[in-house]
Amino acid sequence: MNPARAEFPANLIDATQLRERLGDVFVVDCSHDLAAPDAGLQAFHGGHVPGAVHMHLDRDLSGPTGPGSGRHPLPRPGALAARLAALGLRRGQPVVAYDRNFSPYAARLWWLLRWLGVTSVAVLDGGWQAWLDAGGACETGAAPARAQGDFVAADAPAMPTIDVDELLADVRHAPRRHLVVDARSPERYAGEGETLDPVGGHIPGAVCRFFRDNLQPDGRFRSPQHLREQWLGVLDGSAPAQVVSQCGSGVTACHNLLALELAGLCGARLYPGSWSQWCSDPARPVARGPRP
């Protein structure tokens, strides 16, 4: 079978599959470092999957920040679609996203593209290191200019979200309709050693599911069966559609949403503003302490 005509993998692609499809797919390197915002692009210049483009978390995968917006608000759908088209993405072209950081930034692009109505989008399992381990070729330097693509977003967002006011109303009133799942580390969830946001702690009632728990030690995702068993324990009887995924700024939350999809537990919502928005208003309640 011609690999370019084979069914595109759903949500996750391995390095061997990507090598077979390299001329057919649109590859995006999403590498980033929250502590050094230019490091991802520098790493891209030092080596990347041949033909890949780089998209920056702050400039491409997020919208402008403002008072109370959180650190990485969602971009406007039209602006993101226009950026993808300017980079060369064509309508119907499959997309593969990867990074060098356990895949949270790649998962952010996966979610954003699904939000825009794209169904043929997958994260490279294990990221850049898996590509190298599989003998994948390395290209250096800036991405060459491409012809303008014709990609456009769907008319309506295709992935569910929740805003801060709706979530606050749910937190303040019983019985709650949502289970909030925090993708940050147990330490940040507990309010210990917070370095990114001015207030430590978590949304009252939230449970902690560190996004790296979705991965094996080599950075690849655990099997769908393993993820399903783990996540059913996290959900503790809640339906996936009742789940709200959040983190510090709406990025690693997408990693948990991808893991839920891989586990066959679809329908959870993203809280885009996440903790960085929630803690910006002292009137919103804060909880501290270790995860239950």
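Annotation: amide H of Leu74 within the under-5 Å range of Gly63, sequence separation 5 or more or interchain, hydrogens built in the peptide plane.
For the chain, the mean residue ellipticity at 222 nm estimated from helices alone is -8500 deg cm²/dmol, where every DSSP H run of n ≥ 4 contributes -39500 (n - 2.57) and the total is divided by all residues, rounded to the nearest 500.
Considering Cα pairs under 8 angstrom that are at least six residues apart, work out the relative contact order of region 3-133 and quote it in whole percent. The value is 34 percent. Rounded, prolate or oblate: which fits region 164-278, taking a ≥ b ≥ c as square roots of the Cα gyration tensor eigenvalues, rounded meaning a/c under 1.5, else prolate when a/b beats b/c? It is oblate, given that a/c is not under 1.5 and a/b is not larger than b/c.
A crude spin-label estimate for the pair Asp58 and Ala158, with each label 7 Å from Cα along the Cβ direction, gives 3.1 nm. Placing unit charges on the Cβ atoms only, positive for Lys and Arg and negative for Asp and Glu, gives the chain a dipole magnitude near 360 debye about its Cα centre. Taking amide H atoms as placed 1.01 Å from N in the peptide plane, the amide H of Val121 lies under 5 Å from those of Asn11, Val95, each 5 or more residues away in sequence or on another chain. Let me know the shape class of region 3-133, please: from the alpha-carbon gyration tensor, a ≥ b ≥ c as square roots of the eigenvalues, rounded when a/c is under 1.5, otherwise prolate if a/b is greater than b/c, or oblate. Oblate. For region 153-222, the square roots of the Cα gyration tensor eigenvalues, ordered a ≥ b ≥ c, give a/c of at least 1.5 with a/b no greater than b/c, which places it in the oblate category. Label separation (Ala142 vs Arg76): 2.6 nm, computed from points 7 Å beyond Cα along the C-beta direction.
Here region 171-241 is assigned +1 on the Cβ of each Lys and Arg and -1 on the Cβ of each Asp and Glu. Its dipole about the Cα centre then comes out at about 320 debye.
Once each part is reduced to its C-alpha centroid, what is the distance from region 1-72 to region 220-292 in angstrom? Computed from Cα coordinates, the inter-centre distance equals 22 Å. How far apart, in nm, are two points set 7 Å out from the Cα along the Cα-to-Cβ line at Asp38 and at Arg19? Computed distance between label sites Asp38 and Arg19 equals 3.5 nm. Amide H contacts of Leu215 (H built 1.01 Å from N, in plane; Pro and chain starts excluded): Arg222 sit under 5 Å, all sequence-distant by 5 or more or on other chains.
Here, each number is a calculation from the coordinates, and none is a lab measurement. Just so it is clear, the model here is predicted, and its values are computed rather than measured. As a convention, Cβ positions derive from the backbone with ideal geometry for all residues, glycine included, and neighbour counts pool all protein chains shown.
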